[in-house]
Amino acid sequence: MARRPYAPSTVGSRKVSLAKLDTDGASHVRKEAGLEELATWGAEFAELGNLLTYAGQHALLVVLQGRDASGKDGAIRKILEFSNIQNAYVAPFKVPSEEERAHDFLWRAHRVVPARGHIALYNRSHYEDVIAARVHKLVPETVWRGRYAHINAFERLLVDSDVIVVKFYLHVSRDEEVERLYAREKDPLTAWKLNPNDWRELPLWDEVTAAYEDAINKCATAEAPWYLVPADKKWFRNLAIMQRLVLELRPYRTLWLQTLKEMGQHTLKEIRALRAKAEVKRP
């Protein structure tokens, strides 16, 4: 096991400058060892995810944000690989529909918040309304600036309602993003990802960077911090995310096990009473 987290966090105590942060992150770990670690962390995440489901006391919300080709889809596939498909689901945040535009900007996020016992993976999220909406000038500046406070209040509400909120920013370099966009054109299996808008976004690199820095700096709280994931290497990105998810869930293990023990004792007592009433004896 790694002795320190691979994904550094930010909770507002310092200002994040993305240009100064490493996008590789894997200089101190070999790929082979990293993949072995990933399997170990993944197995523990699977166990903790099942405890979360069976105890039914908390939910897990995983927010994945990042530039085009930063690896959100790949990260989600890896998380689902270690998840129970009966309690985990993906909520994609694409261009708002007509119905979504008719509501407040947090409506579409709140309607897919996970219930207790469930895991939700947001592929992009409510943060698009302070990133895409800002960069493309979809709303006035006074509007998107006011949304930071709404987002913080929304996430505080979720945490107060027993939702474990884990937010990841997948930090990819410009060269790696361009390389991945070119790779999509060569592989017929990734042709469905081709989107002219990805190339329209590249000249807006600095504007997108500024939008993300503000979103991270203004919406990193003790209850819902941001975790910054170096994402140039896909295997390291997956390792960092899986490790952090386990570290977030571990503190609840004892509580969930105790809850399940009490549930089992209560149910067994009821079963024994029913057997006694029916005078059922073991053959």
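Can you confirm whether region 13-23 contains a residue that is in contact with a strand residue (DSSP E or B) (Cβ under 6 Å, 6 or more places away or on another chain) and at pLDDT 95 or above? Yes, that holds for at least one residue.
Is there a residue in region 154-171 that is in contact with a helix residue (DSSP H, G or I) (Cβ under 7 Å, 6 or more places away or on another chain), on the phi < 0 side of the Ramachandran plot and among the small types (Gly, Ala, Ser)? Taking every residue of region 154-171 in turn, none turns out to be in contact with a helix residue (DSSP H, G or I) (Cβ under 7 Å, 6 or more places away or on another chain), on the phi < 0 side of the Ramachandran plot and among the small types (Gly, Ala, Ser). Examine region 72-79 for a residue that is within 30 Å of Leu260 (Cα to Cα) and of a type outside the set (A, V, I, L, M, F, W, C), and state whether such a residue exists. Yes, region 72-79 contains a residue that is within 30 Å of Leu260 (Cα to Cα) and of a type outside the set (A, V, I, L, M, F, W, C). Scanning region 69-90 for residues that are free of Cβ contacts under 8 Å to residues at least 12 places away in the same chain and of a type in the set (Lys, Arg) yields one hit, Arg77. From the list Leu189, Leu157, Leu194, which one is among the hydrophobic types (A, V, I, L, M, F, W, C), at pLDDT 95 or above, more than 17 Å from Gln65 (Cβ to Cβ) and open to solvent by 70 Å² or more (accessible area, probe 1.4 Å)? Just one listed residue meets the conditions, Leu157. Looking across region 32-88, just one residue is open to solvent by less than 10 Å² (accessible area, probe 1.4 Å), among the aromatic types (Phe, Trp, Tyr) and within 26 Å of Ala109 (Cβ to Cβ), and that is Phe45. Here Glu270, Glu201, Glu248 are screened, and the one residue that is modelled with pLDDT under 95, assigned to a helix (DSSP H, G or I), surrounded by 14 or more Cβ atoms within 10 Å (Cβ to Cβ) and among the charged types (D, E, K, R) is Glu201.
The values are calculated or read from the model by the stated rules, or taken from the named source; none is laboratory data. Predicted model, so just to flag it, every value in this text is computed and none were measured. FYI the Cβ positions are ideal-geometry reconstructions off the backbone, even for glycines, and counts take in every protein chain you see. Side chains are part of the model used for accessible areas, which takes the heavy atoms of the whole protein and leaves out ligands, DNA and RNA. Shrake-Rupley method; radii C 1.70, N 1.55, O 1.52, S 1.80 Å.
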